[in-house]
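**Q** Can you read through this structure? Questions will come right after.
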């Protein structure tokens, strides 16, 4: 039996498929492949940079659907199905809005696949594939085996992706993770994670967890066992980790080089509206940022633009504040309501959505505001967010921000990382802005 995994692209830029130079390994498929017996052949095709061989024989095509790849995912799925190939769709977007995905698939996976995916493949083998499979909740993450070999001869950024935990105990109204996992946080056994990483030659690891320090005691045990491996790692965490000195010390000793942190806003009213509990209790970001600088972690700061207290001036102030903090990287994300989140329901009930299903709407371009903001027009918010990205990543500001000798310039490795990725991210932000999702308008496209 043969299973074909496909990582879909987002869309087209200037009439050509978007080529993502900052792409990372799609970890999901290595985990799924690891759930299957060795005799089942597993192959991966990454639509972000390589052609999909539609005529290659396979028993099942599996596509991981995210909100920005939904349109392209459905194009690929529909083409395979017209050729008589069975298609399974799964991922966050499918779990959040299964009735939409089911129109483009022979079967769908709702929730985490660890126990249900092997069952799906067994049913396929005997010709009894069901229309829907539902993963166990909360997910049971023991005994996983990541089949990283699926990435052999592929072209990705030079870092190994892995996962220690899933979910998040916070309840931010905009967040799909919070809605899907219902404030639960589940961890893999520490020894299994460490054992896998000890077998990997790559010295640089990215933990894709939404909040790796959500359970501090388990996180501490992970970091203790990572110390002998002498890896450098980055991950994602809420600012709550700064309240535990021992945790921060273990993070540093285990090789933490940097963290993605959701600041989201500098305005208390916005934080309250989005229910960002882990930030709301802070009187100021200054003390926690200083703690992080003192221990030497580079920061990727994430912001959400468009909440009701935001206007053009507040966005400008936020960007200047981020530049002044000398963050290594920053993401200025336009607020985009995801289906099945409290934010989406609120926007829909108030009549503030410009498009109902914006991720499928032909009028939508990547970076567009999809709702009516309170203190500016949708077009003004779109342009303000694009300006924020350009401003923070202006060459002058890239040079200015490097001069933090506690973080970005603390050693040659940090400097090299800073200058390797900042120009890359600057190029990608210009390429992605205004992208049309899906391929169907591309002349001579290989899509339907």
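**Q** Based on this model, can you work out whether residue 69 counts as assigned by TED's automatic domain parsing to the domain that holds residue 12 and touching a strand residue (DSSP E or B) at 6+ places or on another chain (Cβ under 6 Å)?
**A** no
**Q** Okay, moving on. Residue under question is residue 200, and the condition is that it be modelled with pLDDT under 95 and either surrounded by fewer than 17 Cβ atoms within 10 Å (Cβ to Cβ) or under 22 Å from the mean Cα position of the chain (by Cα) (or both); does it hold?
**A** On the way: modelled with pLDDT under 95: yes; either surrounded by fewer than 17 Cβ atoms within 10 Å (Cβ to Cβ) or under 22 Å from the mean Cα position of the chain (by Cα) (or both): yes.
Spelling it out, residue 200 is indeed modelled with pLDDT under 95 and either surrounded by fewer than 17 Cβ atoms within 10 Å (Cβ to Cβ) or under 22 Å from the mean Cα position of the chain (by Cα) (or both).
**Q** Being surrounded by 16 or more Cβ atoms within 10 Å (Cβ to Cβ), in a helix (DSSP H, G or I) and in contact with a helix residue (DSSP H, G or I) (Cβ under 9 Å, 6 or more places away or on another chain) is true for just one of 333, 408, 397. Which residue is that?
**A** Being surrounded by 16 or more Cβ atoms within 10 Å (Cβ to Cβ), in a helix (DSSP H, G or I) and in contact with a helix residue (DSSP H, G or I) (Cβ under 9 Å, 6 or more places away or on another chain) holds for just one of 333, 408, 397, which is 397.
**Q** Among the residues of the range 354-374, are any in a helix (DSSP H, G or I), modelled with pLDDT of 95 or more and out of contact with any helix residue (DSSP H, G or I) (no Cβ under 9 Å at 6 or more places or on another chain)?
**A** Checking the range 354-374: not a single residue is in a helix (DSSP H, G or I), modelled with pLDDT of 95 or more and out of contact with any helix residue (DSSP H, G or I) (no Cβ under 9 Å at 6 or more places or on another chain).
**Q** Can you name the number of the only condition in (1) modelled with pLDDT under 95; (2) closer than 22 Å to residue 241 by Cα; (3) over 19 Å from the mean Cα position of the chain (by Cα) that residue 194 fails?
**A** Tallying (1) modelled with pLDDT under 95; (2) closer than 22 Å to residue 241 by Cα; (3) over 19 Å from the mean Cα position of the chain (by Cα), residue 194 fails exactly one: (1).
For every residue, the table says whether it meets (1) modelled with pLDDT of 95 or more; (2) loosely packed, with under 13 Cβ neighbours inside 10 Å; (3) in contact with a strand residue (DSSP E or B) (Cβ under 6 Å, 6 or more places away or on another chain); (4) in a helix (DSSP H, G or I).
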| site | (1), (2), (3), (4) |
| --- | --- |
| 84 | yes, yes, no, no |
| 88 | yes, no, yes, no |
| 118 | yes, no, no, yes |
| 123 | yes, no, no, yes |
| 128 | yes, yes, no, no |
| 140 | no, no, no, no |
| 158 | no, yes, no, no |
| 161 | yes, no, yes, no |
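**Q** Something else: Sort out which residues of the range 1-12 are under 16 Å from residue 89 (Cα atoms) and surrounded by fewer than 15 Cβ atoms within 10 Å (Cβ to Cβ), and write them in order of number.
**A** Those that are under 16 Å from residue 89 (Cα atoms) and surrounded by fewer than 15 Cβ atoms within 10 Å (Cβ to Cβ): none in the range 1-12.
**Q** Still on this structure, please answer the following. Can you name the residue in the range 13-53 that is in a strand (DSSP E or B) and exposed (fewer than 15 other Cβ atoms within 10 Å of the Cβ) and is also modelled with the highest pLDDT among such residues?
**A** Checking each candidate, the answer is 41.
**Q** Step by step: first the residues of the range 336-359, then only those that are farther than 26 Å from residue 426 by Cα, in contact (Cβ under 8 Å) with a residue 24 or more places away in the chain and in contact with a strand residue (DSSP E or B) (Cβ under 8 Å, 6 or more places away or on another chain), then the one that is surrounded by the fewest Cβ atoms within 10 Å (Cβ to Cβ). Which residue is that?
**A** 354
**Q** Need the failing condition index for residue 79 against (1) more than 27 Å from residue 39 (Cβ to Cβ); (2) touching a residue at least 60 places away in the same chain (Cβ under 8 Å); (3) touching a helix residue (DSSP H, G or I) at 6+ places or on another chain (Cβ under 8 Å), just the number.
**A** Here residue 79 clears every test but (3).
The values are calculated or read from the model by the stated rules, or taken from the named source; none is laboratory data. Small disclaimer: the values here were computed from a predicted structure and weren't measured. As a convention, Cβ positions derive from the backbone with ideal geometry for all residues, glycine included, and neighbour counts pool all protein chains shown.
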